[in-house]
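Reviewing the structure listed below.
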Amino acid sequence: MSNWSGSMSDWSTAPLPEVLEFREGPGIMAADFRDGGVPLIRLAGLKLGANLLNGCNYLDPAKVEQKWKQFRLRKGDVLLSTSASLGEVATVVDEGVGAVPYTGIICFRPRDCRVDPRFIQHMLRTPSFKNQIEAMGVGSVMKHFGPSHLRSMTVSYPGVRTQRAIADVLGALDDKIAANNRLSATARSLADAIFMKSLRQGFGTPMTLGELASRGVLTLGDGYRTKRAEHGWPGYRILRAGDVRDGRIAPEGDDFVSKSYAGQIGSKLSQPGDIILTTKGSVGRVAVVPPDLEVVVYSPQICYFRVLDKEMIDSSYLASWFRSSDLQAQASQLMFKSDMAPYINLRDIRTLVVPVPGKIEQCKQVEVQRGLLDVVHAAHSENKRLGRTRDELLPLLMSGKARVREAEKVVEGVV
C-alpha cells in the first residue's frame, strides 16, 4: 500500500482524450426492444446502489451483432450518465458484460498504461472534473453532455502505484455497496418467488384495476400536465419518473407548481400510502409514498393508485402485487405499441388484472413481503452512507489532507 500523502500538484494533467477512450451509447428506437436478449443499459442502472441491469431493455442478439457490436461492454468499463441525471458513475461487473449502453451513457477505458482501469471512476468523481462541467455553463441545467464536451476537458492523475492505492481504499467501500446490492436483489427475488408461488396456487379472485376503481375500492389516475405559467413558489415539487428508483422516491427536481393551483391539481397531489407506477421510459418502477415525503405533484410519467376500501384490499398487499413479476409481465405486453419510448396509457392500466384473496391471506402475504422489504431498505440506507463516505474521502486524498492509511482506518470503521 502506498504512503502517498501529496497533493494534486504532484499529479500529471493531460487532455482527457489523450489518456481515456470514450464512446457514447447508440440511440435505439423502442421498436427494436425485445422481451429478452442483449441488455440495453439505462440510466436507472447507474444510480448508487442500483443493479446495472435495473430498468434495462433488451435487444435482439443478431441485430446487436449486425449494428451495435462495437458498443458492447467489457468487465471493468466505466459508465458515466450524461443526460437527465448527470454524473452518475458505475463500473461494469459480470452481469453487464456484453450489454449495450443506451444514448446518454458514455463508456470509458484507459487509452494506455498511464491510467489504471479501476481509477477511472474516481477521476470522473473528482471536484476538478465536475468543476470543468460547471465552467462550461451547463451543470445542473444541462440537458445533455456529450463527447464534444469531453474532448475539450482535462484530467489529473497520480502515478499508477498511487492510483491503485486509492482504488484499493475506495474500492473496499464499493465492494460493500456491491455486496449490499446482491443482498437486496436476493431479497427482492425471494419476495417475488413467494408471491408468484401463491399466484400459481390459485391465489385470490382476479379483478382488473378498472373494476376495483368502478366499485370504489381504489382510485387511480395519471399525473398533472403543468403549464410553465403555473410554476412558482411557494409550491409543490413536480415528481418525475427519474425520481422513482429501487422502490424509493427521491424528489430532486427544481420545478414547483404554485400552491395557488392546488384546486386544479386536485387528487394528483401525493398522499401518504399512494402506490405510484412509472408509465413512460423506464416503465414499471414502483414505490409507495412514505408518511414523511413532502407533498409533490405527480408528473404525467407517473400513475398513482389510492386504496379507498381497506376492508376489501390492503394497500400493502396491493403494493406487493405491483412489485411482483406478474405486474411486470402484464405491463410488458402493453408498453410497446409505438416506435416511441416504452409507454403504457391509463386505459391499458385499467385492464391489468390483480389477484384479490381474502383479508387473512392478504395479511399473511403482507407480513412475509414486509420482512423481506425491510432487508432491501436497510441495504439501501447503508449504501447511501457508504457512498457519502467515499465521496468525502476522495477530495481529501487528492488534496493531501488525508493519507491513504488514514483513509483505510476510516473505511475499516464503516464496512
> Between a first residue in segment 260-283 that is closer than 10 Å to Tyr304 by Cβ and a second residue that is of a type in the set (S, T, N, Q) and part of a strand (DSSP E or B), which pairs have beta carbons less than 7 Å apart while being 6 or more apart in sequence or on different chains?
Replying inline: Ser267/Thr219
>> Anything in segment 69-111 that is open to solvent by 20 Å² or more (accessible area, probe 1.4 Å) and part of a helix (DSSP H, G or I)? List them, or say none.
In response: Lys69, Gln70, Phe71, Asp94, Glu95
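So that you can scan it fast, the table gives a plain yes or no per residue for (1) in a helix (DSSP H, G or I); (2) polar (S, T, N, Q); (3) open to solvent by less than 30 Å² (accessible area, probe 1.4 Å):
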{"position": "Glu134", "(1), (2), (3)": "yes, no, no"}
{"position": "Arg161", "(1), (2), (3)": "yes, no, no"}
{"position": "Ala167", "(1), (2), (3)": "yes, no, yes"}
{"position": "Ala178", "(1), (2), (3)": "yes, no, no"}
{"position": "Arg182", "(1), (2), (3)": "yes, no, no"}
{"position": "Phe195", "(1), (2), (3)": "yes, no, yes"}
{"position": "Phe203", "(1), (2), (3)": "no, no, yes"}
{"position": "Ala213", "(1), (2), (3)": "yes, no, yes"}
{"position": "Arg225", "(1), (2), (3)": "no, no, no"}
> Among the strands (runs of 3 or more DSSP E) confined wholly to segment 247-332, which include 1 or more residues that are open to solvent by 50 Å² or more (accessible area, probe 1.4 Å), touching a helix residue (DSSP H, G or I) at 6+ places or on another chain (Cβ under 6 Å) and modelled with pLDDT under 95?
Replying inline: 286-288
> Does segment 25-47 include one or more residues that are in contact (Cβ under 8 Å) with a residue 40 or more places away in the chain, touching a helix residue (DSSP H, G or I) at 6+ places or on another chain (Cβ under 6 Å) and open to solvent by 20 Å² or more (accessible area, probe 1.4 Å)?
Replying inline: no
>> Condition check: closer than 30 Å to Gly27 by Cβ, open to solvent by 10 Å² or more (accessible area, probe 1.4 Å) and in contact with a Cys (Cβ under 7 Å, 6 or more places away or on another chain). Does Leu346 satisfy that?
In response: yes
> Just to be sure, is Lys359 within 30 Å of Gly210 (Cα to Cα), among the basic types (Lys, Arg) and either touching a helix residue (DSSP H, G or I) at 6+ places or on another chain (Cβ under 7 Å) or touching a residue at least 24 places away in the same chain (Cβ under 8 Å) (or both)?
Replying inline: yes
>> Against the condition polar (S, T, N, Q) and in contact (Cβ under 8 Å) with a residue 24 or more places away in the chain, how does Ser332 come out, does it pass?
In response: yes
> Across segment 349-360, what is the total count of residues that are open to solvent by 40 Å² or more (accessible area, probe 1.4 Å) and of a type in the set (A, V, I, L, M, F, W, C)?
Replying inline: 2
>> Condition (residue is of a type in the set (Val, Ile, Thr) and within 30 Å of Glu382 (Cα to Cα)) applied to segment 52-65: is it met by at least one residue?
In response: no
>> With under 21 Å from Leu183 (Cα atoms) and among the basic types (Lys, Arg) as the only criterion, which of Arg385, Arg405 stands out?
In response: Arg385
> On the given criteria, is Glu21 in a helix (DSSP H, G or I) and open to solvent by 50 Å² or more (accessible area, probe 1.4 Å)?
Replying inline: no
> Of the residues that make up segment 393-410, is at least one of a type outside the set (D, E, K, R), more than 18 Å from Arg125 (Cα to Cα) and within 17 Å of the chain's Cα centre (by Cα)?
Replying inline: no
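Residue-wise test of (1) without any contact (Cβ under 8 Å) to a residue 40 or more places away in the chain; (2) within 30 Å of Asp309 (Cα to Cα).
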| site | (1), (2) |
| --- | --- |
| Pro127 | no, no |
| Ser156 | no, no |
| Leu183 | no, no |
| Leu190 | no, yes |
| Ser198 | no, yes |
| Phe203 | no, yes |
| Met207 | no, yes |
| Glu211 | yes, yes |
> For the subset of segment 227-246 comprising residues that are within 26 Å of the chain's Cα centre (by Cα) and part of a helix (DSSP H, G or I), which member is surrounded by the fewest Cβ atoms within 10 Å (Cβ to Cβ)?
Replying inline: Gly242
> How many of the residues in segment 393-407 are part of a helix (DSSP H, G or I) and crowded, with 16+ Cβ neighbours inside 10 Å?
Replying inline: 6
> Somewhere in segment 25-35, is a residue within 30 Å of Leu394 (Cβ to Cβ), within 21 Å of the chain's Cα centre (by Cα) and part of a loop (DSSP other than H, G, I, E, B)?
Replying inline: yes
>> Within segment 119-126, does at least one residue satisfy the condition of being open to solvent by 40 Å² or more (accessible area, probe 1.4 Å), modelled with pLDDT under 95 and not hydroxyl-bearing (Ser, Thr, Tyr)?
In response: no
> So how many residues does segment 387-402 have that are within 15 Å of Asp10 (Cα to Cα) and not aliphatic (A, V, I, L, M)?
Replying inline: 4
> Which residues, taken from segment 368-392, are open to solvent by less than 10 Å² (accessible area, probe 1.4 Å) and not small (Gly, Ala, Ser)?
Replying inline: Val376, Asn383, Leu386
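The values are calculated or read from the model by the stated rules, or taken from the named source; none is laboratory data. Here the structure is a predicted model, which is why all the values come from computation and not from measurement. A quick note on method: Cβ atoms are made from the backbone with ideal geometry, for glycine too, and the neighbour counts reach across all protein chains shown. Surface accessibility is based on the protein's heavy atoms, side chains included, excluding ligands, DNA and RNA. Shrake-Rupley method; radii C 1.70, N 1.55, O 1.52, S 1.80 Å.
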